[in-house]
Each structure stands twice: as C-alpha cells, then as structure tokens.
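Asker: Here you go, one structure.
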Amino acid sequence: AQTVTQSQPEMSVQEAETVTLSCTYDTSESDYYLFWYKQPPSRQMILVIRQEAYKQQNATENRFSVNFQKAAKSFSLKISDSQLGDAAMYFCAYRSTTSGTYKYIFGTGTRLKVLA
Amino acid sequence: DTAVSQTPKYLVTQMGNDKSIKCEQNLGHDTMYWYKQDSKKFLKIMFSYNNKELIINETVPNRFSPKSPDKAHLNLHINSLELGDSAVYFCASSQRGTDSAYEQYFGPGTRLTVT
C-alpha cells in the first residue's frame, strides 16, 4: 500500500525568504501523480502544484516549485519570496494512475508560519 | 461559479440526531469523494463514487451512508450522531483523461459540531 509522509509538522519562514517543505512517499508503482495542496485558515483546499511521475522536469507555478526525486521517492515543495498569504497547512498527496484506482493518499500536513 | 459546493457550511447538532450534508459539482467530473478532517487536520477518505457507483468504502461506521442520485451530486447522511463525529467534512471531485487529470477539486467543507 502506498504511504505519504510529511516529517515536518510545523515550519516558519521570514517574509520574502525561501522555505522548503518535505514529502516522501512509498510505492511500488512506476506511474503516478503527486500534488501539493494548501489549506489556509479559511479551510478551503487549494491545489498548489502537480507533478506527473513520468516527467523528469520539476513542476513550477510562479513562486512555487518542486524537487521531484523519483528514485528517492521524494517530493519537496519550495516556496520562494514567501508572503504572509502563504501561511497555511500544506498537504502532500499521491494518486495512482492504475486503472480502477481512485484513491488519493494524503500526508499529515505541515503548518507553515510566515513571519513579518 | 462555484465548482464544488457543499451545504451547509456549518452544522451544530445534538448527539443522537440524524443529519445530511449535500455536495454538488458543476465540473462534469465522474468521480466524487467524501473526506473527514479531524482536529489534527488529518484528511481521511471515507467514500468515493464513480458514475454513481460506490468504489471506495473505507472503514467507516455504518451510521454514515453516502448517496449519489446522479454523477453531479454526492450526499452524506449520518445517523445517531456521536461526539466523535465532530470534524470538517470535505466533498471533492476529479476526472480522468483530461489535461488536469487526477486533480481533485474540493468543496469549502462542512464543519460539523456534535454537542
């Protein structure tokens, strides 16, 4: 069974600085999707970034980028030029592409605090 | 337009009552989910329907019963509510075979408080 681990329950970053959130996962599959979701205090779950396992190139979305290390089963999120609005819970998630599989596996989350 | 909507957003009720939470998505997705998020923010999948067919049914008390009248709606009915049912319940949807394949879109959540 697949698992997703976020080993940092809480992280802090100074405004305008860069922070990296860690995520590791365990799977025997070769093709899958990985996601980072953001949950601000409003509790709405917002997709931040997506990575397809078959793509070697790391995904980027403006100030957000990932470091995807398939062999190491690592999927970290880098937030550059941190802003106060980045303060939220961040969840890493795994999704198999195996036909008939519909389950998403979420990590336990990392709470990010942004200091002014 | 709201992509995934849930009603109500807040629900306060007493132990032993029966309540329902409704979910609707206007994205044309074929798969919908219910998640429970506890006080420690852990997201646990409860159920999933694909084209109105139940495909995921995790270890959830049978007091919880999902119903999908059509592929745009997935409702959650809870009987005999208990204190431990207090949580935020999220509905989500996804669609395979598109450019945004496998992305889940979440509703705003329903905060259920059982007193």
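Asker: Answer yes or no as to whether B:I56 is within 11 Å of chain A (Cβ to nearest Cβ), without any contact (Cβ under 8 Å) to a residue 40 or more places away in the chain, surrounded by 13 or more Cβ atoms within 10 Å (Cβ to Cβ) and closer than 30 Å to A:E10 by Cβ.
Answerer: Answer is no for this residue.
Asker: Right, next: Would you pick out the residues in region A:1-21 that are surrounded by 16 or more Cβ atoms within 10 Å (Cβ to Cβ), farther than 16 Å from A:A87 by Cα and touching a Ser or Thr at 6+ places or on another chain (Cβ under 6 Å)?
Answerer: A:Q2, A:Q6
Results for (1) hydroxyl-bearing (S, T, Y); (2) within 11 Å of another protein chain (Cβ to nearest Cβ); (3) free of Cβ contacts under 8 Å to residues at least 40 places away in the same chain, shown as yes or no for each residue.
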{"position": "A:Q39", "(1), (2), (3)": "no, yes, no"}
{"position": "A:R50", "(1), (2), (3)": "no, yes, yes"}
{"position": "A:Y54", "(1), (2), (3)": "yes, no, yes"}
{"position": "A:A59", "(1), (2), (3)": "no, no, yes"}
{"position": "A:K73", "(1), (2), (3)": "no, no, no"}
{"position": "A:K78", "(1), (2), (3)": "no, no, no"}
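Asker: Give B:K52, B:K19 a once-over and let me know the one that is on the phi > 0 side of the Ramachandran plot and in contact with a Ser or Thr (Cβ under 6 Å, 6 or more places away or on another chain).
Answerer: B:K52
Asker: Among the residues that make up region A:98-109, is at least one of them in a strand (DSSP E or B), of a type in the set (S, T, Y) and modelled with pLDDT of 90 or more?
Answerer: no
Asker: Could I ask something else about it? Listed residues A:S65, A:S82; which is part of a loop (DSSP other than H, G, I, E, B), small (G, A, S) and surrounded by 14 or more Cβ atoms within 10 Å (Cβ to Cβ)?
Answerer: Going through A:S65, A:S82 in turn, the sole match is A:S82.
Asker: Could you list, in sequence order, the residues of region A:1-39 that are under 16 Å from A:S74 (Cα atoms) and among the polar types (S, T, N, Q)?
Answerer: Listed by number, the residues that qualify are A:Q2, A:T3, A:T5, A:Q6, A:S7, A:Q8, A:T20, A:S22, A:T24, A:T27, A:S28, A:S30.
Asker: Based on what the data block shows, is A:Y33 farther than 26 Å from B:S39 by Cα, within 14 Å of chain B (Cβ to nearest Cβ) and free of Cβ contacts under 8 Å to residues at least 40 places away in the same chain?
Answerer: Against the criterion (farther than 26 Å from B:S39 by Cα, within 14 Å of chain B (Cβ to nearest Cβ) and free of Cβ contacts under 8 Å to residues at least 40 places away in the same chain), A:Y33 does not qualify.
Asker: Could you pull out the residue among B:S39, B:S68 that is assigned to a strand (DSSP E or B), of a type outside the set (D, E, K, R) and either surrounded by 15 or more Cβ atoms within 10 Å (Cβ to Cβ) or within 14 Å of another protein chain (Cβ to nearest Cβ) (or both)?
Answerer: Just one listed residue meets the conditions, B:S68.
Asker: Looking only at residues that are polar (S, T, N, Q) and under 10 Å from the mean Cα position of the chain (by Cα) in region B:68-97, which one is nearest to A:Y104 (Cα to Cα)?
Answerer: So, considering only residues that are polar (S, T, N, Q) and under 10 Å from the mean Cα position of the chain (by Cα), the one nearest to A:Y104 (Cα to Cα) is B:S93.
Asker: Here's another thing I want to ask about it. Just a yes or no: is a residue in region A:18-30 more than 14 Å from every other protein chain (Cβ to nearest Cβ) and among the charged types (D, E, K, R)?
Answerer: For region A:18-30, residues more than 14 Å from every other protein chain (Cβ to nearest Cβ) and among the charged types (D, E, K, R): present.
Asker: Just for region A:85-105: of the residues that are within 14 Å of A:C23 (Cα to Cα) and of a type in the set (A, V, I, L, M), which one is surrounded by the most Cβ atoms within 10 Å (Cβ to Cβ)?
Answerer: Step by step, filter region A:85-105, then rank; the result is A:A93.
The values are calculated or read from the model by the stated rules, or taken from the named source; none is laboratory data. What you are looking at is a predicted structure, and each value in this text was computed from that prediction instead of being measured. In this analysis, Cβ positions are derived from the backbone assuming ideal geometry, glycine residues included, and neighbour counts consider all displayed protein chains.
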